[in-house]
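The values are calculated or read from the model by the stated rules, or taken from the named source; none is laboratory data. Given the structure is predicted, the values throughout are model-derived calculations rather than measurements. Cβ sites come from the backbone with ideal geometry, for glycine too, and all protein chains shown count toward neighbours.
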Amino acid sequence: MTDEEIEAAIKDDPDWQEFENIDWSDAVLVIPAKKKAISIRLDEDVLDFFKREGDGYQRRINAVLRSYMEQTSKKRA
């Protein structure tokens, strides 16, 4: 597709209307934290629970662990 065709397709897309005039001048680049590949043993039912929710189960497990870490850190402070 040409740039013109892409722009025309975007203008015809009703889901794009609310994003048409976004002011990006104050946008801030956020670089996600570096991930480290590890091997971890989890109870089968725990892993199944997260996998049932669909793609991104490792990200969700990380979010739960991060939440625990942050709550524990607050209690110690």
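For first residues located in region 13-40 and among the β-branched types (Val, Ile, Thr), partners that are at pLDDT 90 or above and lie 6+ apart or on another chain with Cβ distances below 9 Å form the pairs Ile40/Ile61.
Under the condition of being among the polar types (S, T, N, Q), exposed (fewer than 10 other Cβ atoms within 10 Å of the Cβ) and more than 20 Å from Arg66 (Cβ to Cβ), the residues counted in region 1-54 number 3.
The set of residues from region 9-33 being in a loop (DSSP other than H, G, I, E, B) and small (Gly, Ala, Ser) comprises Ser25, Ala27, Ala33.
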